[in-house]
Amino acid sequence: MHYFKPLLKRSHQVFVADDGSIWIGKESQKSRKIIQSPPPWVAGLVSKLDGEYTLPRILSELKSERYDVTKCDVHDFVSALASCGLIEES
C-alpha cells in the first residue's frame, strides 16, 4: 500500500529505550511493538510520521541529516509499521 503522508496512529506513543530499542504503541504493554536494535535512521523516520511529510520528503530530510538510508528502506519500514496497524493516512 502507498502512503502519501503517513501518520503514526494518534492513540500511540513512541518510547526510545536506553538500549536504543524503539517501542511504539498504546500504554498497555500488550499493544506495543518493539523494534530491537534499529538502524540509526529509524528514530528520525519515526519522528517524521506526523502526517505532514510525504515519503520523498522524509527520505530527503533523513539524507540531509546524513543518514545512510534508501527510498526502499523508507518505503519498507513504513509498510511494515502499516502491516502492524500503526499507520493511518492523514
Can you name every residue in the stretch 25-58 that is touching a His at 6+ places or on another chain (Cβ under 8 Å) and either buried (at least 16 other Cβ atoms within 10 Å of the Cβ) or at pLDDT 95 or above (or both)? G25, L55
Checking K48 against (1) over 11 Å from the mean Cα position of the chain (by Cα); (2) among the basic types (K, R); (3) within 13 Å of Y3 (Cβ to Cβ), which single condition isn't satisfied? (1)
Taking the condition under 18 Å from L8 (Cβ atoms) and not in a helix (DSSP H, G or I), does Y53 pass? yes
Residues of the stretch 39-50 satisfying the condition of being outside any helix (DSSP H, G or I) and in contact with an Asp or Glu (Cβ under 9 Å, 6 or more places away or on another chain): P39, P40, K48
Selection within the stretch 58-88 - over 14 Å from V42 (Cβ atoms), of a type in the set (D, E, K, R) and in contact (Cβ under 8 Å) with a residue 12 or more places away in the chain: K71, E88
Looking at this structure, is A82 under 24 Å from D19 (Cβ atoms) and of a type in the set (A, V, I, L, M)? no
Out of the stretch 1-20, which residues are in a loop (DSSP other than H, G, I, E, B) and surrounded by 13 or more Cβ atoms within 10 Å (Cβ to Cβ)? Y3, K5, K9, H12, G20
Please go through the stretch 59-81 and pick out each residue that is surrounded by fewer than 16 Cβ atoms within 10 Å (Cβ to Cβ) and in a helix (DSSP H, G or I). S60, E61, K63, S64, K71, C72, H75, D76, S79, A80
Residue match in the stretch 21-38 (condition: of a type in the set (A, V, I, L, M, F, W, C), part of a helix (DSSP H, G or I) and touching a strand residue (DSSP E or B) at 6+ places or on another chain (Cβ under 9 Å)): no
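The values are calculated or read from the model by the stated rules, or taken from the named source; none is laboratory data. Every value quoted in this text rests on a predicted model; they were computed, and no experiment measured them. We place every Cβ from the backbone using ideal geometry, glycine too, and count neighbours over all the protein chains shown.
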